[in-house]
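Report on one structure; see the data block that follows.
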Amino acid sequence: MREYPLDIRGLILRNILPHNEYRWVAPFLWNETLDLRTHVEDEKVLMRYQVLLDVDSSGMGRIIPRAAGIAARQGRIILAQNLLSAHILDVRPDAPLEARALNLLNDEKRKIRRLLNRNREWPQDIWNLQDTPAWIIPAFIRRFRKLVNSRSVSIISGGHLLASGNWMWDFDAKSHKPTRVKTYSITDISTNFD
């Protein structure tokens, strides 16, 4: 049985390999890479899948592919699959699906705006977002890099649907990909004061 990350990468894998047995895992605990070229030969379809990967958590791009990524990270698989299918087939979704997509984008934007609060940084370069689910961290760090700073930073997040507890995310300078994600304990911060 294969492991698929509960994000757009896992949804793509599920879509292109429908007969594989799989189980969902928290995206930040998935250590494999996704090479679309080994699974998709049609260049048009390959480009559509690549768009899904490129716009995920970026805050930019077309509504439907971005919303598919948000829904997948939230664990809303049926909604994510419907959005992915509309994007891959290049069909305009019906009005209710498009409205749900817009709601996802607006909700994520509001949450990130609320999290970009300097009072959440303590000590310096450690952001405490323990009250925030882990699914939003990839989008948060991209926005953080644009608006706050490009230094090395650590983020403490809440849990994930598939990984309970709190998590410490470490990001190198100018990077939006974590170098390490590990379970968080209070000693992780207290060592910074020694």
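Residue count for region 1-45 satisfying the condition of being assigned to a loop (DSSP other than H, G, I, E, B) and hydroxyl-bearing (Ser, Thr, Tyr): 1.
Need at least 3 residues that are of a type in the set (S, T, N, Q) per element, so show me which helices (runs of 4 or more DSSP H) inside region 77-156 make the cut, counting only ones lying wholly within it.
On the way: elements: 77-89, 95-115, 137-147.
So the answer is 77-89.
Each row is one residue, and each column tells you yes or no for (1) on the phi > 0 side of the Ramachandran plot; (2) surrounded by 12 or more Cβ atoms within 10 Å (Cβ to Cβ); (3) not small (Gly, Ala, Ser).
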position	(1), (2), (3)
ILE112	no, yes, yes
ARG118	no, no, yes
PRO123	no, no, yes
ASP131	no, no, yes
SER152	no, yes, no
GLY158	no, yes, no
TRP167	no, yes, yes
LYS177	no, no, yes
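Looking at the structure I just gave you, is ARG100 in the same structural domain as ARG48 (by TED's automatic domain parsing), out of contact with any Leu (no Cβ under 6 Å at 6 or more places or on another chain) and of a type in the set (Lys, Arg)? Yes: the conditions hold for ARG100. Inspect all residues belonging to region 46-68 and state whether any of them is of a type in the set (Asp, Glu), out of contact with any Pro (no Cβ under 7 Å at 6 or more places or on another chain) and more than 16 Å from LEU13 (Cα to Cα). No. If I ask for residues that are surrounded by fewer than 13 Cβ atoms within 10 Å (Cβ to Cβ) and among the basic types (Lys, Arg), which ones from region 3-32 would you list? Hit for region 3-32 is ARG23, nothing else. In region 58-71, is there at least one residue being outside any helix (DSSP H, G or I), under 17 Å from TYR4 (Cβ atoms) and under 11 Å from the mean Cα position of the chain (by Cα)? No, region 58-71 contains no residue that is outside any helix (DSSP H, G or I), under 17 Å from TYR4 (Cβ atoms) and under 11 Å from the mean Cα position of the chain (by Cα). If you check every pair at least six apart or on different chains, which have Cβ atoms under 6 Å apart with a residue in region 61-74 that is at positive phi first and a residue that is part of a helix (DSSP H, G or I) second? That search, which allows pairs on different chains as well, returns GLY61/VAL55. Scanning region 79-97 for any residue that is within 28 Å of THR183 (Cα to Cα) and either without any contact (Cβ under 8 Å) to a residue 24 or more places away in the chain or surrounded by 16 or more Cβ atoms within 10 Å (Cβ to Cβ) (or both) turns up at least one such residue.
The values are calculated or read from the model by the stated rules, or taken from the named source; none is laboratory data. Nothing here was measured: the structure is a model prediction, and the numbers come from that model. Heads up, the Cβs are rebuilt from the backbone with ideal geometry, glycines too, and the neighbour counts pull from every protein chain shown.
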